[in-house]
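Data first, discussion second: the structure below is written as structure tokens.
The values are calculated or read from the model by the stated rules, or taken from the named source; none is laboratory data. Quick caveat, the model's predicted, so the values are computed rather than measured. Heads up, the Cβs are rebuilt from the backbone with ideal geometry, glycines too, and the neighbour counts pull from every protein chain shown. Heads up: the accessible areas ignore ligands, DNA and RNA and are worked out on the full protein's heavy atoms, side chains in. Shrake-Rupley method; radii C 1.70, N 1.55, O 1.52, S 1.80 Å.
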Amino acid sequence: MFDVLHDALGRQPSPDRVVVIATAVAALLAVLLRPVWKVMRNFVTIAHEGGHALAAVLSGRRLSGIRLHSDTSGLTLSRGRPNGFGMVITGLAGYITPSLLGLAAAAILGAGRITILLWLLLILLILMLIMIRNFYGVISVVAAGAIIFAVSWFADPKIQGAFAYAFAWFMLLGGVRAVFELQQSRFRHQAPNSDADQIARLTRVPAIVYVGLFVIVVLGCLAFGVRLMLGPVGQLVG
């Protein structure tokens with residue numbers, strides 16, 4: 001047990017550059033290929049709704065529950081004032097959370113803490129599972145947790161490293177696609193109650209301003225993430 005904790009808390013060697021690039025290509029294909037994206041987008045939705053939930057709690061609202069749906073949409077319910085700072089922050093958090101999570105993952109990987117990243121993700125999923133209020137949501141979160149647990153507990157360090165980098169890339173790239181899908185749906189008048197439109201009604205600021213904010217954040221995270229993960233690799237980070 002102590003050996004396991006020592007290995008987890010210690011630094012692990014980063015994958016070779018070719019592996020880091022290969023995981024980036026794999027993540028990009030997962031985002032660009034529609035049949036794959038339809039499945040993989042569930043993981044972006046988990047991060048999205050988790051972001052709403054965390055923002056609601058941090059802003060003083062009472063979290064009621066989270067629902068994840070088979071069409072990759074989701075819903076986070078919280079109690080409190082129907083307007084004001086808490087509602088705005090909660091609404092803003094969703095679309096930027098996958099990219100922020102990807103950037104945080106890239107930073108942790110840059111410090112050589114691969115196993116710690118996987119364990120942190122598992123803890124976050126367990127905390128989220130407590131608030132899931134529908135069957136599909138439970139299945140989605142449990143499945144994601146089972147995959148991460150299996151990799152962190154049974155896989156060798158090389159597989160762990162490749163998986164962790166693939167996760168970071170996918171969150172960074174998936175966060176970008178999700179925001180552009182949001183604006184595409186709004187342009188087609190298919191999302192009158194999107195996060196951006198709900199915040200717009202609360203603040204009387206045009207929704208496109210918030211979409212633009214989302215774009216800036218997700219592209220900024222991607223740029224910083226690329227710099228972190230395509231820096232010096234293939235050696236133990238000191």
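Quick grid of which residues meet (1) closer than 17 Å to Pro98 by Cα; (2) outside any loop (DSSP other than H, G, I, E, B); (3) within 13 Å of the chain's Cα centre (by Cα):
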position: Gly145; (1), (2), (3): yes, yes, no
position: Ile148; (1), (2), (3): yes, yes, no
position: Trp153; (1), (2), (3): no, yes, no
position: Ile159; (1), (2), (3): no, yes, no
position: Ala162; (1), (2), (3): no, yes, no
position: Ala168; (1), (2), (3): yes, yes, yes
position: Leu173; (1), (2), (3): yes, yes, yes
position: Gln184; (1), (2), (3): no, yes, no
position: Pro192; (1), (2), (3): no, no, no
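Restricting the range 78-129 to residues that are of a type in the set (Phe, Trp, Tyr) and closer than 30 Å to Val205 by Cβ leaves a set whose member that is modelled with the highest pLDDT is Tyr95.
When residues in the range 87-111 are screened for being surrounded by 19 or more Cβ atoms within 10 Å (Cβ to Cβ) and over 17 Å from the mean Cα position of the chain (by Cα), 1 of them pass. Residues of the range 33-57 being surrounded by fewer than 24 Cβ atoms within 10 Å (Cβ to Cβ) and over 17 Å from Ala104 (Cα atoms), which ones? Once the filter is applied, which keeps residues that are surrounded by fewer than 24 Cβ atoms within 10 Å (Cβ to Cβ) and over 17 Å from Ala104 (Cα atoms), the range 33-57 yields Leu33, Arg34, Pro35, Val36, Trp37, Lys38, Val39, Met40, Arg41, Asn42, Thr45, Val57. If you go through the range 116-135 and pick out every residue that is open to solvent by 70 Å² or more (accessible area, probe 1.4 Å) and either part of a loop (DSSP other than H, G, I, E, B) or touching a His at 6+ places or on another chain (Cβ under 6 Å) (or both), you end up with 1.
Can you name every residue in the range 27-86 that is hydroxyl-bearing (Ser, Thr, Tyr) and on the phi < 0 side of the Ramachandran plot? Passing the criteria: Thr45, Ser59, Ser64, Ser70, Ser73, Thr76, Ser78. Do we find a residue being of a type outside the set (Lys, Arg), under 30 Å from Leu230 (Cβ atoms), open to solvent by 40 Å² or more (accessible area, probe 1.4 Å) and touching a residue at least 12 places away in the same chain (Cβ under 8 Å) anywhere in the range 181-189? Looking for residues that are of a type outside the set (Lys, Arg), under 30 Å from Leu230 (Cβ atoms), open to solvent by 40 Å² or more (accessible area, probe 1.4 Å) and touching a residue at least 12 places away in the same chain (Cβ under 8 Å), one finds at least one in the range 181-189, hence yes. What number goes with the only condition from (1) assigned to a helix (DSSP H, G or I); (2) touching a residue at least 60 places away in the same chain (Cβ under 8 Å); (3) of a type outside the set (Asp, Glu) that Gly51 does not pass? (2) is the only condition that Gly51 fails.
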